[in-house]
Amino acid sequence: MGTEAVDDRVEEPSPGPTWSWRADWTAPVRDRPLPVLLIAVATEAALCLSVGRRPDLAAFLYLGLVGTLLGVIDAHLRRLPDPLTLPSYPAGMVLLGAAAPFLDGGGGRFVDALFGLAALWALFAVQWVVVPSALGFGDVKLSGVLGLYLGWLGMDAWVLGTFAMFVTGGLYAVGLLVLRRAKRKESMPFGPFMLLGALIGILVHA
């Protein structure tokens, strides 16, 4: 369903420094600032309404912003750049960890978040090893971040978010086949559906 294991997410050369805002992976954002801004604002507004005035709101707003950027980039380039995914691990842990003392059962939530991270990363890693043509390693790296947040909200959120990732991606793939917009063996970026599925889990269970 996702990008093939050997693809331009990892191998494509960048004309600028990988961690620079002028690097090639930022082009979809720089070329479409207004649509990206509107998506980001809508996502952040939905998170604010769902999470409310809680100490962990900042963590979810961070995920909403980074997730918007990742979704747009992956949809256009079939890449989930490390400069956005990798820093999201410590950022998410710090923001959720800082919120834990101010929430009832915050310590347990944080432990659940770490388990959620490990479980979703393992699920995607196994799929990447067993069926390497199904998704790219960028999807595996993103999965841990999403598992962290879904785990923070509990098992129901983790299960719903994970299920929604595959359902939304599968429905989109079937739609493309029915409309003859894609061939049966053609790959598609899975990152946007991972992010959408996680958002569904968060909005329902926050």
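At a glance:
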read-out: Carbon + sulfur, % of accessible area of the chain - ligands and nucleic acids excluded, 1.4 Å; value: 69 percent
read-out: Sorted peptide list for 143-156, 66-79, 87-100, criterion being average Cβ within 10 angstrom, highest first; value: 143-156, 66-79, 87-100
read-out: Karplus-derived HN-Hα couplings along the stretch 115-127 (A = 6.51, B = -1.76, C = 1.60, θ = phi - 60°), whole Hz, x at Gly and Pro; value: 5, x, 4, 5, 5, 6, 4, 5, 4, 6, 5, 5, 5
read-out: Average accessible area per residue (Å²) across the stretch 11-129 - probe 1.4 Å, nucleic acids and ligands excluded; value: 52 Å²
read-out: Ranked by how many other beta carbons lie within 10 Å on average, peptides 52-60, 191-199 from highest; value: 191-199, 52-60
read-out: Gyration tensor verdict on the stretch 18-154 (Cα atoms; rounded if a/c is under 1.5, prolate if a/b is larger than b/c, oblate otherwise); value: oblate
read-out: 3J(HN,Hα) from dihedral phi, the stretch 95-100, Karplus parametrisation 6.51/-1.76/1.60, rounded to Hz, x for glycine, proline; value: 5, 5, x, 5, 7, 4
read-out: From phi via Karplus (6.51, -1.76, 1.60), per-residue ³J(HN,Hα) for the stretch 197-206 in Hz, x at Gly/Pro; value: x, 4, 4, 4, x, 5, 5, 6, 10, 5
read-out: Rough spin-label spacing in nm, given labels placed 7 Å along Cα→Cβ, for residue 58 and residue 19; value: 2.2 nm
read-out: Over the chain: helical MRE at 222 nm, DSSP H runs n ≥ 4 each giving -39500 (n - 2.57), nearest 500; value: -23000 deg cm²/dmol
read-out: Net lengthening on full extension, residue 42/residue 115 (0.36 nm per residue, minus Cα-Cα); value: 23.3 nm
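The values are calculated or read from the model by the stated rules, or taken from the named source; none is laboratory data. This structure is a prediction, so every number in the text was calculated from the model and none was measured. Methodologically, a virtual Cβ is constructed for each residue, glycine included, from the backbone with ideal geometry; neighbour enumeration extends over all protein chains shown. Protein only, heavy atoms only, side chains kept; ligands, DNA and RNA dropped before computing areas. Shrake-Rupley method; radii C 1.70, N 1.55, O 1.52, S 1.80 Å.
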